[in-house]
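A short write-up of the structure that comes next.
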Amino acid sequence: MQSPSGKPLPRRAANDTPPGQPRPHATYWLLAMVAAMALATAATLWWTLRQTHVLAQPHQQHDLWYVSSVHNELARVSLLARKVRAREASAQDLQERLEVLLGTLDTSGRGPRVSTQLREALPEAAQDLDSLRPLVERWSTQLAPLATQNGSGNTKAAAAITADIVRQSDPLLDRLRKVVATVHLFSAQEANRARQQLSQRFLVLSVVLGGLLLGTALLIAKLVRDTRLTRAASQQLAQANRQLEVRVASRTRKIEEGRALLSFILDTSPSDVVLAEVESGRVHFINRQLTERLGLKAAPETLFLPELLYDPETRERFTQALDRYGQVDAMEALIGENNPSWSSLSARLIEVEGQLAHLLWGFDISAHKALEGQLRELATRDALSGLLNRRAFLERSTALFDHCRRHGQPCAVLMIDIDHFKRINDRHGHQMGDVAIRTCAEAIGHALRDADLLGRLGGEEFAVLLPHATADSATVVAERIRSATAQMSLVSPQGQPLAFTISIGVAEMAAHHAGIEPLLVDADQALYRAKATGRNKVLAYEAAIGQS
């Protein structure tokens, strides 16, 4: 990874924290500690509340309440018994009070602390309380039938019962007073011990709550610090983003300027440049030079490079080279469809925006090709007559001779020479001799077919190769040439009329002719024989051999 300036950025480990930014692991540990302390606080608080609830329960199951309740109820029974004796209360009221005392005594066995404490601290008082129940039951049973009846007999019985109650309740009340005092002292000690335990538990709870408060404060401080660090990091990041945006904008501007400059250079370049995708043919860039050479008014949206090539064979070689090697260098080809012109093309297969594309550039070599054609023409044509020179005639006639032999076709050669050409030069000058040569070349050319081959071998000597022609048909052509030449009339610079004739030797390809040159030799012998026998005639090689 690189920075906007192009320098590689320093690598950082995955668990490294940038400077000035909060460390997430410290926050996690702090949160875990606060959660643990909160759980400990909740457990301690539950424990304390439970103990407080126990202490807040009414004293119905305590020894002090039990003994005090029995003492008070027994005192009321004793007082009411005295009132019954004094006839200030009824037996029914005493019966009801006895039932209340009996109900109080029924709770003696419900709480395990009551019986245990009484028996361990005051065994005699516990024995008195145990013996009080059957006694109260007996009083209640005896008094029950008397409470519903009235009479003197009942009054005496009630008096006897009340006397018994008063007699036995007084000593019991004395003993119960002592038990109440003892149990009260014991309960005070137990309450003090419970308060001490509760104080210790509240102390533990305070420590835990203090730790929780401290952890919460640390967490708040950590969160505040992290917030500040995050804000500072955000500001640094925002500043870095602004700097990066400035750098990116500057780099983008430079890239755009470079692209614009490159496009201007390529657009004004005298060479042809085009960049187009391979599959879709979408044109990414094409300069004005190539657009004008293709005869287009505007840059095309799609263009396939092989379609630029005019010649199918060249197009196939171009495509194969690109597919195989990914490049083509300096391939000369005709480009354009309507008015093709020569260009030296080079191409590369590259990737643009994830797609394969062809980058092609070329140079117009039309003038070079025209000059090359002119040089080729000068190298193969005779400057005076415009016909093939000796070397070019021999090269092309050799190929045509081999073609006829390979396909079993006949072939004939004419050797033509102007009669008394030296006399023309001597009498009328070399200029007139040149006119005679050009006139003879034109006469020969008019008498030949397009497939025939005509050349000037040198001086006033011409040669004609007639493919698919026998000696007889070649002789007919030769006669037509000789007759046309004899009928031509020229005028010398001095105004004198000038006429000339030609002699022609004919030879047909035979089995003993290994090439074009032996055939030309036979035709030349026939020509020599025609000149020796009077000139202005056509003579075949077989006839010439026969005359010799």
Lysines near LYS531 by alpha-carbon distance under 29 Å, same-chain residues fewer than 8 away left out - which ones?
-> LYS422
If you count the DSSP beta bridges with both ends in the chain, what percent of them are antiparallel, to the nearest 5?
-> 95 percent
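Where in the stretch 504-548 are there trypsin sites (Lys or Arg not before Pro) that are in a DSSP coil and have at most 15 other Cβ atoms within 10 angstrom of their Cβ?
Numbers: sites: ARG529, LYS531, ARG535, LYS537; in loops: ARG535, LYS537.
Qualifying residues, ordered by number: ARG535.
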Could you size up the charge dipole of the chain around its Cα centre, putting +1 on the beta carbon of Lys and Arg and -1 on that of Asp and Glu, and report it in debye to the nearest 20?
-> 3980 debye
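With runs of 4+ DSSP H residues as the only contributors, calculate the mean residue ellipticity of the chain at 222 nm using -39,500 (n - 2.57) per run, divided by the residue total and rounded to the nearest 500.
Working: 15 runs with 339 residues, N = 548.
Rounded to the nearest 500, it is -21500 deg cm²/dmol.
Could you order peptides 242-255, 88-101 by the average number of other Cβ atoms within 10 Å of their residues, highest first? If you can, show how the numbers build up before the last one.
On the way: 242-255: 11.1, 88-101: 18.2.
For the peptides 242-255, 88-101, the packing ranking is 88-101, 242-255.
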Residues with amide H under 5 Å from that of ALA469, placed H, sequence gap 5 or more = CYS411, ALA412
Listed by chain and number, the residues whose amide H is under 5 Å from that of ASP311, excluding neighbours fewer than 5 places away on the same chain and using placed H, are LEU334
Using all Cα-Cα distances in the stretch 374-440, what percent lands in each 10 angstrom bin from 0 up to the longest?
-> 18, 34, 30, 15, 3
Distance in Å, no decimals, from the C-alpha centre of the stretch 132-211 to the one of the stretch 391-453 is 166 Å
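Over all pairs of distinct alpha carbons, what does the Kirkwood formula give as the hydrodynamic radius of the stretch 370-488, in Å?
With all distinct Cα pairs of the stretch 370-488 included, I get 15.2 Å.
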Radius of gyration, Dmax [the chain; alpha carbons; angstrom] | 71.6, 213
Percent breakdown of C-alpha pair distances by 10 Å bin, ordered from the shortest bin, for the stretch 269-349 | 18, 56, 26, 0
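All of the numbers you see were taken from the coordinates with simple rules; none came from a lab. On a predicted model such as this, the values are computed, not experimentally measured, just so you know. Ideal geometry is used to build each Cβ from the backbone, glycine not excepted, and the neighbour counts take in all protein chains shown.
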